[in-house]
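Structure record follows, encoded as structure tokens.
The values are calculated or read from the model by the stated rules, or taken from the named source; none is laboratory data. Quick caveat: nothing in here was measured; it's all calculated off a predicted structure. Using ideal geometry, Cβ is built from the backbone for each residue, glycine included, and neighbour counts are taken over all protein chains shown.
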Number of protein chains: 2
Amino acid sequence: MNKTRTSIVDIAHAAGVSKSTVSLVLQGSPLVNEKTREKVNALIGDLGYVYNRGAANLRQSKSKIIGIVVNDLTNSFFAELAVGMDMMVQSAGYVQFLAHSGESVDRQREVISSMRENGIAGLILSPARGTEASDIKPLADSGIPVVLVVRNVPGAKVSTLLSDNHAGAKAAIRHLISLGHRRIAFMGGFVDTAVFGERLRGYRDALAEADIPFNEKFVIHSAPSRAGGVAAVERMMVFAERPTSALCLNDAVAFGVCDGLRSNNIEPGKGFGIIGFDDVIEAKTAVPALTTVSVDPQGMGQRAAQLVLKQINAGQTDPESIVTSVRLVVRQSCGAPVKQLEELA
Amino acid sequence: MNKTRTSIVDIAHAAGVSKSTVSLVLQGSPLVNEKTREKVNALIGDLGYVYNRGAANLRQSKSKIIGIVVNDLTNSFFAELAVGMDMMVQSAGYVQFLAHSGESVDRQREVISSMRENGIAGLILSPARGTEASDIKPLADSGIPVVLVVRNVPGAKVSTLLSDNHAGAKAAIRHLISLGHRRIAFMGGFVDTAVFGERLRGYRDALAEADIPFNEKFVIHSAPSRAGGVAAVERMMVFAERPTSALCLNDAVAFGVCDGLRSNNIEPGKGFGIIGFDDVIEAKTAVPALTTVSVDPQGMGQRAAQLVLKQINAGQTDPESIVTSVRLVVRQSCGAPVKQLEELA
DNA sequence: CTTTTAATTTGGAACGTTCCAAAAAACAAG
DNA sequence: CTTGTTTTTTGGAACGTTCCAAATTAAAAG
């Protein structure tokens, strides 16, 4: 059954025209006569012809594939980011290679090189921790547009699409302060990422603004995941003087913090104020609904895709840096009057 | 800067050998002399050559790409499934097209045809609701192995990898019964999916086994998502005689149910017993830790990838049906003595 | 009916590989 | 130095497209 795939010349032969004509039809060229067009199109349907884009790509030395590498698909933030990209890419007539690096630079390197061999027109990368400029350079040098999302890579001369982490964190802390909080923790994340640095800076700046001294102990590192949030709470529970609220590195950590608090019989939002970062879909329906800095991951994915598509079409690779604005969405997770919190702490 | 990509003949020329020899080196053929191999390899590095797999694919009419279409990437179950596949595919030297259908058959059709044009060696599909056998047939007919995961498509003559939904649901209900529950709901999901049907059948069979009459009202439909879980609880709250526990269609619904209970001041696990389905990563760390039927999504993804890879290598497309076993993981979400629950209800 | 112009169609080369049969080079034996 | 054998290398065709310059056909004008 597995005879050779029917090609353009098969239909050409069947229709009694040349392969060039069929090619023209395929491209929707206006050069071709209406009657031949119909005949050819009919045959295409009948013979079950499927276009071989690979061959076309070879001839034109371009491709209709976009590479996307994301560091952690199991984190809903990145999953939504990917979905946003998927939508855009799809509707532009492209397909994606979509891979998961799992925060491993080696894996990331492999997957990027594999994508390159297979011929991508552009790459959107949410870089794994520890990615270096040299990991991206060869790609960019060969003229393939690269867009970095979410995280930056120092020294990489490519386009970036980042959210305004500093402003977001600052807004969050201001909110907590306005509610009367003074002992505010920063939970989750590792020092060596740009995102962490920027959000922490926003935290410190807002604190400084209100003349609240920075307390080293109140920044509690942990994995940027739900499990990490639980761990951070454990770490916090032994403090003599405990914080009354926390800004979390991201929503995943925030949910973990809720979990952790509950196992310590503290009701999140009532016994402790929590703010997340990202505004993942679950943030809205969670109980308590999470107050968080909305980054609109899906929208961000769309913009990243648009950017890379624009660069592909323009044939330009002049790096472009966009920082998307961000807004605080106040929900239920830090609703209680602070007086009460301080008594509990 | 964007000169023509360096090709096999460029290095051949530079090395003073023929393109055939370079090709041999690339394939790691033992035919070629050690010294020439070294020389060629050196040049490959120096000239920044990148293999054009597209050209090779064209010549050999095969490809090193696997298509994966998943209905909802934002659901952690599917995200983990995808990650499992990613691992396997990657380490077999393939790359994936990975796309999201968002439960839209139209979108699914488009994306599959796009993948086909781009040349895939196999397809793993977690079909959108309403997928018909005819959506898959052309692909399968053309000799490309297709593996259906998670959901089946009636009438499709392709391989499937499904979890044992019936047994899982039955085990869950038995567990609830053994804890003394008699008013047990089934929450989440729509009637028209096979998964729903199988799990519901397990639920009914276990009930029958214990001579508990089936109560139509206790199966509460809703979207199979976190939000759906919340909605289901709202629906339940107005019942005169409320259930004391529920088996949820999946973990996402279960989490939603927890959320919903909390907004009604019922503490999940204490005031109401909940069992999920899937055993997503968060199930373990959630509070209360979720009792759930473990499907091991990541492992399932791996198996699916293995299956499709096997079929690609074997060149066989004889459909194969695997049903993976499933086990109940008892954690905290239905821990309370039932007497107490019944008083509350 | 011839010429001019416009509309449509067409061979073949090219893209970067692999594969094959055959050539060339290196080595061994007589 | 032949001859035979083994090792290594090599042109060219092929994969399914696109593109171009040129050829053919149809229509319009004289």
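Okay, here's what the table says:
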| quantity | calculated |
| --- | --- |
| Checking B:SER134 against (1) modelled with pLDDT of 95 or more; (2) over 22 Å from B:GLY229 (Cα atoms); (3) in contact with an Asp or Glu (Cβ under 8 Å, 6 or more places away or on another chain), the condition it does not meet | (3) |
| Sole residue being more than 16 Å from B:ALA286 (Cβ to Cβ) and crowded, with 18+ Cβ neighbours inside 10 Å, chosen from A:LEU261, A:LEU249 | A:LEU249 |
| Residue ID - farthest from A:GLY256 (Cα to Cα), chosen from residues in the stretch B:299-321 that are polar (S, T, N, Q) and surrounded by 21 or more Cβ atoms within 10 Å (Cβ to Cβ) | B:THR317 |
| Residue satisfying condition, being more than 27 Å from A:GLY143 (Cα to Cα), within 8 Å of DNA strand D (Cβ to nearest atom), at pLDDT 95 or above and not basic (Lys, Arg), within set B:LEU58, B:LEU24 | B:LEU24 |
| Condition met for B:ARG53 (modelled with pLDDT of 95 or more, touching a Lys or Arg at 6+ places or on another chain (Cβ under 7 Å) and either closer than 23 Å to A:ILE120 by Cβ or not assigned by TED's automatic domain parsing to the domain that holds B:ASN118 (or both)) | yes |
| All positions within the stretch A:194-232 that are within 14 Å of A:GLY276 (Cα to Cα) and not in a helix (DSSP H, G or I) | A:PRO224, A:SER225 |
| Residues of the stretch B:73-91 that turn out to be more than 7 Å from every other protein chain (Cβ to nearest Cβ) and under 9 Å from the mean Cα position of the chain (by Cα), as a count | 5 |
| Cβ pairs under 9 Å, 6+ apart, first in the stretch B:4-17 and closer than 15 Å to B:ALA55 by Cα and away from every other protein chain (no Cβ under 14 Å), second of a type outside the set (Val, Ile, Thr) and within 11 Å of DNA strand D (Cβ to nearest atom) | B:VAL9/B:SER18; B:VAL9/B:LYS19 |
| Which listed residue, of A:ALA156, A:ALA171, A:ALA167, is modelled with pLDDT under 95, over 29 Å from B:SER76 (Cα atoms) and not charged (D, E, K, R) | A:ALA156 |
| Extreme residue, farthest from A:GLN60 (Cα to Cα), among residues of the stretch B:1-57 that are of a type in the set (Lys, Arg) and either part of a helix (DSSP H, G or I) or more than 8 Å from DNA strand C (Cβ to nearest atom) (or both) | B:LYS35 |
| Filtered residues of the stretch A:92-115 (kept if surrounded by 22 or more Cβ atoms within 10 Å (Cβ to Cβ) and more than 9 Å from chain B (Cβ to nearest Cβ)) | A:SER101, A:GLN108, A:ILE112 |
| Search result, residues across the stretch A:248-281 that are more than 11 Å from chain B (Cβ to nearest Cβ), under 23 Å from A:THR324 (Cβ atoms) and not acidic (Asp, Glu) | A:CYS248, A:LEU249, A:ASN250, A:VAL253, A:ALA254, A:ILE275, A:GLY276, A:PHE277 |
| Tally of residues being assigned to a loop (DSSP other than H, G, I, E, B), more than 10 Å from chain B (Cβ to nearest Cβ) and either β-branched (Val, Ile, Thr) or in contact (Cβ under 8 Å) with a residue 60 or more places away in the chain (or both) across the stretch A:282-292 | 0 |
